[in-house]
Structure formats: C-alpha cells, structure tokens
Amino acid sequence: MLKDIVAAKALGGYRLHLRFEDGAEGVVDLAPQLSFRGVFEPLRDPAYFAQVRVDPELGTVAWPNGADLDPDVLYGRVTGTPILAGARHPFGTLAARLDLQRGRRSCSRASRPWQMCRGPKT
C-alpha cells in the first residue's frame, strides 16, 4: 500500500486520529495491539502516548524514544483494507532494526512480502 501518514492526533485512551496522504482518515484504538514492552513500554503513560508525532522520513507515527508503528497496518485498520500479513515488521521499523541488531531476521517488502521471517538466517 505504502500510504504515508501526514497528520496524527492523540485522543483519549490509546486512540489516534490519523490522516493519510491519499485523504483517508479515521481513528484507531491501539490498546489491544500494544504490548507495552521494550521500546513501547513508555507509551503506557497517557502523557507520553500523547507526544505522538508524524515522522516525515518514515511516513508514520513515532514517539520521542524512536518507537514507531507500521503505516500499512494503521492504514488497513483505518480503511478496512486488508494488507498482506508480514509485509513489514508488525511493530514498526525501529523494532525491525532492533531485531537485526539482536541477530534476528526481519523480512523486507522486496524480499518476502508474503510472510514474516523469524529467527536467524540459516
């Protein structure tokens, strides 16, 4: 899909109002998806969650600690458009980079857009 997020506003709870480059917009509730572990742990604090911003380089939402979320997953949630499972790392680009630093493999859109890779490359 590759639709960039151009505006984001934190609402009550763990909800975000998002607007995408194609004009699609809506509210997503992230509470059921966020595990609040690792880089996402600070987002448990509503005041920190409210510090969400749009990272224009990544085209997605991000927080001061570098946590970000996959814009394709968010677009699918806002529009109801299905996405290919595992097209990107499910917890965002920072999590994918951390996986690589820890010796895990994440699939890129170009190499394996249809599946999620886990574990070291064999």
**Q.** Residue (of Y75, Q51, A24) at the positive-pole extreme of segment 5-84, dipole from beta-carbon charges
**A.** Q51
Q) Using only Cα atoms, what Kirkwood radius does segment 5-84 have, in angstroms? A) 12.6 Å
Q. Would you list R37, R77, R15 from fewest to most Cβ contacts within 10 Å?
A. R37, R15, R77
Q) So which GluC sites (Glu not before Pro) in segment 21-68 pass both tests, a DSSP loop state and at most 15 other Cβ atoms within 10 Å of the Cβ? A) E21, E57
Q. Quick one: if you stick a label point 7 Å off each Cα along the C-beta vector at E41 and V27, how many nm between them?
A. 3.1 nm
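Laboratory data are not the source of any read-out in this text; all were calculated from the coordinates shown. Predicted model only: the values in this text are computed from it and were never measured. All Cβ positions, glycine included, derive from the backbone under ideal geometry; neighbour counts span all protein chains shown.
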